[in-house]
Amino acid sequence: MPVNFFSGSPLNRLSWLRPSHHFLHALLESASTRWTVFKNGQPLIASKPGPKDRSLALLTTEDVRALLGPKPYFAQGERDGDLADHDVHVLEAARMRGPGIVFLGLQESDEGKSDALPSSDFSAKSDAASVVAKIKGTAYFSLDVSKVNEKELDEVLQTSDAARSGVSLTFIDGRQAMGYMDYYYAAVYAEARAQVDWNARNKVGVDVIRKEPLIDIPSHQFCAACGSPVYSMWAGWKLSCSSLLPWADNTGREPCPTGVGLHNQVHPRTDPVVIMAVVNEENDKVLLGRNRKWPGKFYSAMAGFVEPGEAFEDAVKRELWEEAGIRVWGIQYHSAQPWPFPSNLMVGFYAIADPDVPTRTDLDNELEGRYRYRPLLTYCSTD
């Protein structure tokens with residue numbers, strides 16, 4: 001069993017096959033393929049008759065097909081229905097129309113003893129469908145329906161196999177949904193949720209790419225080098241500048257710098273956060289803090305984002321000084337936990353401090369204090 005919830009992913013992510021629309025299209029049509037569905041960051045949950053019988057909804061391709069938009073689903077060309085040539089790198093598994101799709105990976109049966117699936121099996125000359133038919137396992141995709149018409153979405157969900165079997169399908173808050181997942185599906189959900197959020201924040205789509213002047217969209221949906229809109233590649237795992245598209249009109253414009261070398265994509269982001277269990281040398285007390293915005297009497301270990309040019313251990317020392325005014329030593333790594341709200345990696349450490357040295361919260365004023373230099377920040381017994 002994984003050390004932490006959301007970790008220990010059961011999926012072979014097959015990253016080398018993300019550019020292959022031959023592979024993706026064939027896998028998408030497999031009867032064993034399953035889809036996680038999100039709306040405004042909320043996962044679709046399946047509720048069977050019974051007060052506590054809930055789980056992450058896993059739909060078939062036939063269940064969601066009406067929501068996917070027109071074919072091809074990947075390697076979309078300039079016009080609706082166009083399939084990009086296989087040798088155009090900037091259109092590898094590109095998707096510029098329809099709701100956002102992300103290929104998550106393959107859960108292999110027989111303890112990972114499935115075929116290696118080299119990329120040569122899915123070339124333009126190969127029969128991808130026959131290769132995929134031999135795969136033993138379950139492939140997972142995610143689908144973002146945030147912009148799908150409400151009535152259309154409801155009709156599709158109500159006619160799904162799950163709904164017809166008496167299962168109720170509802171979107172709920174992601175943190176609430178954690179309570180309905182085991183370790184296996186929590187890890188699948190963590191990957192899906194983080195990728196759906198990243199794509200939703202960045203993807204513009206072909207309609208905007210065609211328009212001049214550009215409509216008002218947050219700046220992070222544009223190329224950082226030239227300001228052109230970006231679009232999805234590699235089944236939701238990369239973004240590329242639209243000025244590089246074969247049909248882009250770049251008259252009077254300087255070439256985008258991202259068109260040179262290996263810099264023509266934006267990759268999914270993961271923001272590292274250190275979280276610290278600060279104990280005394282006797283190891284029978286732990287330091288907990290309380291954020292000013294938290295309800296009730298909720299306390300937590302201290303945590304903070306890692307900054308550029310900073311090692312994990314340096315971040316531990318800095319955050320504990322900024323938040324609690326304490327100096328620590330004996331820093332040791334414990335374990336890490338993906339935290340998909342939206343894209344954090346919690347990196348856990350132990351550290352030692354002297355509980356007789358007063359704490360203080362007046363440096364960054366993030367934690368709650370009863371009085372100046374006399375904060376509501378205490379060492380608590382581990383018992």
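The values are calculated or read from the model by the stated rules, or taken from the named source; none is laboratory data. This structure is a prediction, so every number in the text was calculated from the model and none was measured. Cβ atoms come from the backbone with ideal geometry, glycine included; neighbour counts cover every protein chain shown.
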Unmet criterion (only one of (1) farther than 22 Å from Asp161 by Cβ; (2) small (Gly, Ala, Ser); (3) within 25 Å of the chain's Cα centre (by Cα)) for Gly77: (3)
Kindly provide the set of residues from region 160-177 that are surrounded by 12 or more Cβ atoms within 10 Å (Cβ to Cβ), more than 23 Å from the chain's Cα centre (by Cα) and hydroxyl-bearing (Ser, Thr, Tyr), ordered by number. Ser160, Ser168
So how many residues does region 317-357 have that are under 25 Å from the mean Cα position of the chain (by Cα), surrounded by 15 or more Cβ atoms within 10 Å (Cβ to Cβ) and modelled with pLDDT of 95 or more? 11
Which of the following residues is out of contact with any Leu (no Cβ under 6 Å at 6 or more places or on another chain) and of a type outside the set (Gly, Ala, Ser): Thr270, Thr258? Thr258
Contact list please: Cβ distance under 6 Å, first residue in region 347-361 and under 20 Å from Val273 (Cα atoms), second residue at pLDDT below 95 and surrounded by fewer than 17 Cβ atoms within 10 Å (Cβ to Cβ), pairs at least six apart or on different chains. Tyr350/Ala277; Ile352/Glu281
Taking Leu169 as the residue in question, decide whether it is farther than 25 Å from Glu108 by Cα, assigned to a helix (DSSP H, G or I) and modelled with pLDDT of 95 or more. no
Tell me which residues, restricted to region 134-162, are under 16 Å from Ser32 (Cα atoms) and in contact (Cβ under 8 Å) with a residue 60 or more places away in the chain. Ile135, Gly137, Thr138, Ala139, Tyr140, Phe141, Ser142, Ser160, Asp161, Ala162
Report yes if Phe74 is in the same structural domain as Asp161 (by TED's automatic domain parsing) and assigned to a strand (DSSP E or B), otherwise no. no
Output the residue which, of all residues in region 292-316 that are assigned to a loop (DSSP other than H, G, I, E, B) and surrounded by 13 or more Cβ atoms within 10 Å (Cβ to Cβ), is farthest from the chain's Cα centre (by Cα). Tyr299
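Does any residue of region 276-291 turn out to be assigned to a loop (DSSP other than H, G, I, E, B), without any contact (Cβ under 8 Å) to a residue 40 or more places away in the chain and on the phi > 0 side of the Ramachandran plot?
Scanning region 276-291 turns up no residue that is assigned to a loop (DSSP other than H, G, I, E, B), without any contact (Cβ under 8 Å) to a residue 40 or more places away in the chain and on the phi > 0 side of the Ramachandran plot.
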